[in-house]
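The values are calculated or read from the model by the stated rules, or taken from the named source; none is laboratory data. Because the structure is predicted, anything quoted here is derived from the model rather than measured. Cβ placement follows ideal geometry from the backbone for every residue including glycine, while neighbour counts extend to all protein chains displayed. The accessibility values were calculated without ligands, DNA or RNA, using every heavy atom of the protein model including side chains. Shrake-Rupley method; radii C 1.70, N 1.55, O 1.52, S 1.80 Å.
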Amino acid sequence: VPRTRPPSRLEIIRTVMRNPLELWGEPSFRLEWMKTKFFTERTLIANHPGLVRHVLVDNARNYRMATIRQLILRPILRDGLLTAEGETWKRSRKAMAPVFTPRHAQGFAVQMLEQSRAFTARYDAAAQSGRIRDIAVDMTELTFDILSATLFSGQVAGTEEDFAGDIERLLSTMGRVDPMDLLKAPAWVPRFRRILGQNVLEKFRGIVKQTMEDRQRLMARDPEAAPEDFLTLLIRLHGPDGLTIDEIEDNIITFIGAGHETTARALGWTLYCLANSPSDRDRVEAEIDEVLASEPDPVKWLDKMPWTRAAFEEAMRLYPPAPSINRAAIEDDRWDNGKGETVVIEAGTTVLVMPWTLHRHTKFWDRPEAFMPQRFLPENRGSIDRFQYLPFGVGPRICIGATFALQEAVIALGVLLSRFRFDCVPGTRPWPVQKLTTQPEGGLPMRVTLR
Ligand code: HEM
């Protein structure tokens, strides 16, 4: 609806609470940068790849996490890598880098394959009767199973508890903006969402602590007996140059928070985009059929399935699971665009680098609204600027789990699409909404049939 007046403060708060993506109108997809005031906060929207590079890479030292992320996530994730800053972040990132090498991700390929296959077995009944499923919920279940297998090898203390349900409740209760934070209310003003989530958080932390202690006992008794999963790898990092016990706990919670819903969203959006583009779906299915018939090693699938990978990457362009990467300038800064224009960034300014606007920017993409996986085929991707496509971020704080996620996605898509076909139904009308990730409002109802 065309606006005749600027939105009121209340309208802005309501939009931020409901769906921050709706804040961004047409100019945000056309201009290279925009300066605005968000309540009292100076805000810069950085849409030019050069400016993105400046903020996230070249002068990254001058930028810290934006306050809002710390307010929402820090009470849950504490000193986990996503919310750690300064020396703690530096030491933790260095210590954990070896855990996320491609070699380790490849080591997890078998679990990814097994969990995807187990999931298809559960799906068969639904597919035989052509039932409609909420793919958003199902993909969250699948990526949770994969994360649980690679994180704890399924050995969670008190498994009769609804662990997955606890996480879901925790993220949906606490992982949202509180209006008191937007209004910059002093710390003594209660944040009800956080208070409500506290019980779940404590119960959840209790399970993680117990799981860690069980594993530490097992490792002390018989180091060979411990499975090579994230938990074992993190416990081995315990030490002065590595992680403290509390940091190991925080990082396990961070991996759960950062590592399954993101991938689940991207998988759901990929199936949705493919259902709307039958010729691309045919190509992806043909590729998968050929590779699965000739290549039993799932580690090789990422390289051997360029169309499948490209469909996933293109879906993340249109629906980036992390739609906004926020920073705050520590000292005054400036950036020249090489055409005589300078952006002055005063200390304290919030800088929004938004995959949401960057990925659909009319200046940098041909037919930005169209789903065109071929953009990401190896022979074409050279024409995409590194700083205009950022589903995993860029620079020192780039997603540490990116290789893991890509491999997981190709294996899961390979297994799912070799057996099932996903089609839209009249109720499939997903409107992207920014919660912790970019979610389809009202879910993703789709018909699943056997191919
Ligand atoms: C950071 C996206 C999967 C763990 C990030 C960032 C983005 C992102 C955009 C950068 C945030 C920033 O610069 O402020 C995604 C997407 C995923 C995904 C789109 C899936 C499709 C994963 C997985 C894991 C993971 C599977 C772990 C198993 C992390 C961690 C960080 C991070 C720990 C913080 C890194 C740091 O600050 O040093 N992710 N992620 N992510 N991601 Fe991911």
| query | In region 321-353, which residue that is within 11 Å of the ligand (Cβ to nearest atom) and over 16 Å from Phe387 (Cβ atoms) is most open to solvent (accessible area, probe 1.4 Å)? | reply | Asn326
| Could you count how many residues in region 76-108 are surrounded by 15 or more Cβ atoms within 10 Å (Cβ to Cβ) and either of a type outside the set (Ser, Thr, Tyr) or near the ligand (Cβ under 10 Å from one of its atoms) (or both)? | 22
| field | Qualifying positions in region 365-422 - touching a Pro at 6+ places or on another chain (Cβ under 7 Å) and over 14 Å from Met316 (Cα atoms) | value | Leu377, Pro378, Asp385, Phe387, Thr403, Ile411
| query | Restricting to region 262-276, what's the tally of residues that are open to solvent by less than 20 Å² (accessible area, probe 1.4 Å) and near the ligand (Cβ under 9 Å from one of its atoms)? | reply | 4
| Enumeration of residues in region 354-374 that are in a helix (DSSP H, G or I) and either among the aliphatic types (A, V, I, L, M) or open to solvent by less than 30 Å² (accessible area, probe 1.4 Å) (or both) | Pro355, Trp356, Thr357, Leu358, Pro373
| query | Just checking, which of Arg42, Arg53 is under 24 Å from Val343 (Cβ atoms), open to solvent by 40 Å² or more (accessible area, probe 1.4 Å) and at pLDDT 95 or above? | reply | Arg53
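Select, from Pro7, Pro20, the only residue that is open to solvent by 50 Å² or more (accessible area, probe 1.4 Å) and more than 21 Å from Trp365 (Cβ to Cβ). Spell out the reasoning first.
On the way: Pro20 fails: open to solvent by 50 Å² or more (accessible area, probe 1.4 Å).
Of the residues listed, the single one that is open to solvent by 50 Å² or more (accessible area, probe 1.4 Å) and more than 21 Å from Trp365 (Cβ to Cβ) is Pro7.
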